[in-house]
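Colleague: I have a structure I would like to understand better, so I am pasting it below and will then ask my questions one at a time.
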Amino acid sequence: MQVEVRVKLKEQVLDPQGEAIRRVLAGLGYAEIGGVRVGKLMLLEVDGEAPEAVRSRVEAACREVLANPVIEEFEVRLP
Amino acid sequence: MSWDAPATLDLAREHGLSEDEYGRIVTELGRVPNLTELGIFAALWSEHCSYKSSRAYFKRFPTAGPRVVQGPGENAGVVDLGRGWVCVFKMESHNHPSFIEPYQGAATGVGGILRDVFTMGARPVMLLDSLRFGDLDAPRMRHLVDGVVRGIGDYGNCVGVPTVGGEVDVHPGYNGNILVNAMCVGVARADRIFYGRASGPGNRVVYLGSKTGRDGIHGATMASDVFDEAAAAKRPTVQVGDPFTEKLLIECCLELMESGVVVGIQDMGAAGLTSSAFEMASRAGCGLALDLSLVPARERGMTPYELMLSESQERMLLVATPDNVGAVLAICRRWGLDAVEIGSVVAEPEVVATFAGRPAFRLPVAPLVDDAPRYERPATPPVPAAAVTLPPLHDRDLAADLRALLASPVFASARPIWEQYDHSVGASTVVGPGGDAALQLVPGTRIGLAATTDGNAVACSLDPFHGAAHGVAEAVRNLACVGAEPVGVTDCLNFGSPENPAVMGQFVAAVDGLAEACRAFEVPVVSGNVSFYNETSGSAIPPTPTVGMVGVVPELRQRPRTRWQVGDTVYLLGPVEGELGGSRYLQVALGLEAGPVPPVEYEAQRHTAAAVRDLVRLGLAAAKDLSDGGLAVAAVEMSGGTVGCRLTLPAGVSPVRTLFGEWSGAFLLATPAAFEPALERACEGLALTRLGVAGGAKMTVVVGRKHVVEEPIADLAALREGSLAWLSEA
């Protein structure tokens, strides 16, 4: 099945990339866009039937590799 | 709990304060502080900000000298380079953050040390990093090495300051606590130095740089139940750096200072707005009145507690006269940086803050800064490691021993590390990483500015006093190899818990060793940093005093050679034999960490270093000092992996002690045949031994008629490339 993983910086962590994008947007006239946060969307093809088993494996992969739990949080979405 | 709720002893304890310290706060104030005031006391009285366990020992360092413009006590030390130029430098640790989040921890360490230097009005021109790691085979350790190196490289490269040198050591003693010590050197015109002083009542206080977020508020000491738990889980313990904002900050601050519109300026480092406000007030003997509602906040609903204690990166606090505030804000705006007037300087020595129209706190300056607690903690003097009975050494296979040393992680080539650093940005680097010391031209002049970092974990754990002293001696020799005369020292003292008398004993011994050596070599200590509590599960790191030394070449005429060339005559300047106690040979070849580490022969080392300095400046010789691994490893380094040598050891010496002994303070010198008479004349009165010639594809060492080493030089050099090769492959 295809599993969606969303990784983003924790809410209170500074996002220099998002801030740089916000500045560019403001410079191009999108002054109403007051904040930008940039994350990652990953689509994983996973072999497995039982949703809970798949979820727990993908979450383990997130903690170990796909996200940096010190500064990022992740969300796993099954079909 | 509200930010202005009254404090309690329990809250004080959760902030890392002792009962005594809390009692003292209540006595000083004559009342119970509120939560924000308690947080401010806890931050400024923390070991990190107050140096409460170490400050009493700093007076043992020599801090004066004819070149010293500013000794310890400011954001960085300042030393005169001549011709109207000064250099500004400091080294600082970022050990704990780098262990939690290696990339951001190391990156923000670099950012912090840069700010300490440019806040003095100097343009940062060099970065160096002294790194200590544990066993490189552990996956977690490789993750740390990779993150730290990328963090340093990315931040330095983005901000446009070259990372030109440093050192790496590996020892199992760092498995639970790695060390990241970053050093920055900047240059300025002597009449353009600025200080972190908030002087002149009526002057305005301006906040400059990134907005304040909830980063790193009180780090790990903050107990989660002070605020609600959901918030605590989200509160990051690590700060994220933004090198592009830092670059803007550098240029903006230098322009502000150049324009003469600033009275005083300081970066917001550890304890953020709290430390910058109180320290600037303390140095000027004044106070500040702040309106915290004006502080630019990254998030909604931030409280005075959070605004005062946030450790968000890339922020500065500056003071300007009322007439100049407009000009200050205009310059900041031009650089695209947030700048806001948040208060003014007052005559009364206290910091008073309001928030949303009501009083937030009122605290006297002196008890928080100058009169912060100081402890002379119990210290058990370390017993220097004694000699052990060594196995017979006369029939050792010295070629095999040399190969074992070179293949060990201790001697790993740092190339995979420094290849990730931009070491030539700025186009002033003369000698970059991989040599003994880094050498640069002060932009627009012929003044050569050199810097090195040195320390030896094994020697310091065996004998903190002599180990620390040898670190200073090695730094002096490294500078001599590029022709530079030492002008100042910054140190980073990394130890376990000061509450452990054995650790405190190591600390005091190391301070005394550094102080003795700095006095003997006449190099003042002008800045530094102490990092305690480097321990995990009760196991402390090896005592690690890191020495950062800066040197000057008054008139740099040519690039010093660091390798020998085909046909060069090779000499040894200094004692022929070294000592094996505390040597890398015992550690790696015999698996022994044993003493004794001999004392430094200051008098002899001063003379040899001075001779080498002159030879290098005149272009008469390439020089390499003997340190880790002794003569044998120095020869492999001088070969550059391409040009071999044939060296004959003098009759009657111990081959092991000659090839692998350390601590002698000797140098290998290589010179073209035509310069031999000049070199010998320059070394008159010193112990100079002719060892042989450079050339061929092999490194050959002859004792009597026996070739004790005969190895292809390329193979030997390649052995060093193995230990960190995975880093470039990653």
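The values are calculated or read from the model by the stated rules, or taken from the named source; none is laboratory data. Small disclaimer: the values here were computed from a predicted structure and weren't measured. Ideal geometry is used to build each Cβ from the backbone, glycine not excepted, and the neighbour counts take in all protein chains shown.
Colleague: Can you tell me which residues in the stretch B:539-587 are crowded, with 23+ Cβ neighbours inside 10 Å and of a type in the set (Asp, Glu)?
Modeller: Within the stretch B:539-587, just B:Asp568 meets the criteria.
Colleague: Using the structure shown, decide if A:Lys8 is closer than 30 Å to B:Gly336 by Cβ and in contact (Cβ under 8 Å) with a residue 60 or more places away in the chain.
Modeller: Answer is yes for this residue.
Colleague: If we only count strands (runs of 3 or more DSSP E) wholly inside the stretch B:55-137, which ones have 1 or more residues that are over 25 Å from B:Thr445 (Cα atoms) and away from every other protein chain (no Cβ under 14 Å)?
Modeller: It comes to B:85-93, B:123-133.
Colleague: Would you pick out the residues in the stretch B:664-683 that are in contact with a helix residue (DSSP H, G or I) (Cβ under 6 Å, 6 or more places away or on another chain) and of a type outside the set (A, V, I, L, M)?
Modeller: B:Gly665, B:Phe667, B:Thr671, B:Cys683
Colleague: Considering each of B:Asp463, B:Asp397, B:Asp436, B:Asp401 in turn, give the residue that is surrounded by 24 or more Cβ atoms within 10 Å (Cβ to Cβ) and farther than 21 Å from B:Pro598 by Cα.
Modeller: B:Asp436 is the lone residue from the list that is surrounded by 24 or more Cβ atoms within 10 Å (Cβ to Cβ) and farther than 21 Å from B:Pro598 by Cα.
Colleague: B:Gln587 passes all but one of (1) within 27 Å of the chain's Cα centre (by Cα); (2) in a loop (DSSP other than H, G, I, E, B); which number fails?
Modeller: The one condition B:Gln587 does not meet is (2).
Colleague: Just give me the residues in the stretch B:269-297 being touching a Ser or Thr at 6+ places or on another chain (Cβ under 6 Å) and either within 14 Å of another protein chain (Cβ to nearest Cβ) or under 16 Å from B:Trp45 (Cα atoms) (or both), in sequence order.
Modeller: Listed by number, the residues that qualify are B:Gly272, B:Ala297.
Colleague: Take the residues in the stretch B:309-367 that are basic (Lys, Arg), under 30 Å from B:Asp242 (Cβ atoms) and in contact with a helix residue (DSSP H, G or I) (Cβ under 9 Å, 6 or more places away or on another chain), then tell me which one is farthest from the other protein chains (Cβ to nearest Cβ).
Modeller: Residue satisfying both the conditions and the ranking: B:Arg334.
Colleague: Check whether at least one residue in the stretch B:144-154 is under 25 Å from B:Val552 (Cα atoms) and not polar (S, T, N, Q), and report yes or no.
Modeller: No, because not a single residue in the stretch B:144-154 is under 25 Å from B:Val552 (Cα atoms) and not polar (S, T, N, Q).
Colleague: So, one more: Could you check the stretch B:660-730 for helices (runs of 4 or more DSSP H) lying wholly inside it with 2 or more residues that are under 26 Å from B:Val588 (Cα atoms) and of a type outside the set (S, T, N, Q)?
Modeller: Qualifying helices (runs of 4 or more DSSP H): B:713-719, B:725-729.
Colleague: Would you mind finding the one in B:Glu314, B:Glu348, B:Glu299 that is buried (at least 19 other Cβ atoms within 10 Å of the Cβ) and either modelled with pLDDT under 95 or closer than 26 Å to B:Pro367 by Cβ (or both)?
Modeller: Exactly one of B:Glu314, B:Glu348, B:Glu299 is buried (at least 19 other Cβ atoms within 10 Å of the Cβ) and either modelled with pLDDT under 95 or closer than 26 Å to B:Pro367 by Cβ (or both), namely B:Glu314.
Colleague: Also: Name the single residue that is surrounded by the fewest Cβ atoms within 10 Å (Cβ to Cβ) among those in the stretch B:62-83 being more than 14 Å from B:Gly121 (Cα to Cα) and hydrophobic (A, V, I, L, M, F, W, C).
Modeller: B:Ala64
Colleague: Return yes or no: is B:Gly455 closer than 24 Å to B:Ala610 by Cβ, at pLDDT below 95 and either surrounded by fewer than 24 Cβ atoms within 10 Å (Cβ to Cβ) or of a type outside the set (A, V, I, L, M) (or both)?
Modeller: It is true that B:Gly455 is closer than 24 Å to B:Ala610 by Cβ, at pLDDT below 95 and either surrounded by fewer than 24 Cβ atoms within 10 Å (Cβ to Cβ) or of a type outside the set (A, V, I, L, M) (or both).
Colleague: Among the candidates B:Cys253, B:Cys286, which residue alone is touching a residue at least 24 places away in the same chain (Cβ under 8 Å) and within 30 Å of B:Ala106 (Cβ to Cβ)?
Modeller: The unique qualifying residue is B:Cys253.
Colleague: Specify which of the listed residues (B:Gly200, B:Gly186, B:Gly176, B:Gly166) is at pLDDT below 95 and either within 23 Å of B:Thr429 (Cβ to Cβ) or not in a loop (DSSP other than H, G, I, E, B) (or both).
Modeller: Among B:Gly200, B:Gly186, B:Gly176, B:Gly166, only B:Gly166 is at pLDDT below 95 and either within 23 Å of B:Thr429 (Cβ to Cβ) or not in a loop (DSSP other than H, G, I, E, B) (or both).
A quick yes/no check of all residues on (1) part of a loop (DSSP other than H, G, I, E, B); (2) basic (Lys, Arg); (3) touching a strand residue (DSSP E or B) at 6+ places or on another chain (Cβ under 7 Å):
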site: B:Val238; (1), (2), (3): yes, no, no
site: B:Glu255; (1), (2), (3): no, no, no
site: B:Val262; (1), (2), (3): yes, no, yes
site: B:Ile265; (1), (2), (3): no, no, yes
site: B:Gly269; (1), (2), (3): yes, no, no
site: B:Tyr305; (1), (2), (3): no, no, no
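Colleague: Tell me whether the stretch B:586-601 contains one or more residues that are in contact with a Leu (Cβ under 9 Å, 6 or more places away or on another chain) and within 22 Å of B:Asp491 (Cα to Cα).
Modeller: yes
Colleague: Suppose we filter the stretch B:516-526 for residues that are surrounded by fewer than 21 Cβ atoms within 10 Å (Cβ to Cβ) and either of a type in the set (A, V, I, L, M, F, W, C) or over 17 Å from B:Ala64 (Cβ atoms) (or both); how many remain?
Modeller: Number of matching residues: 1.
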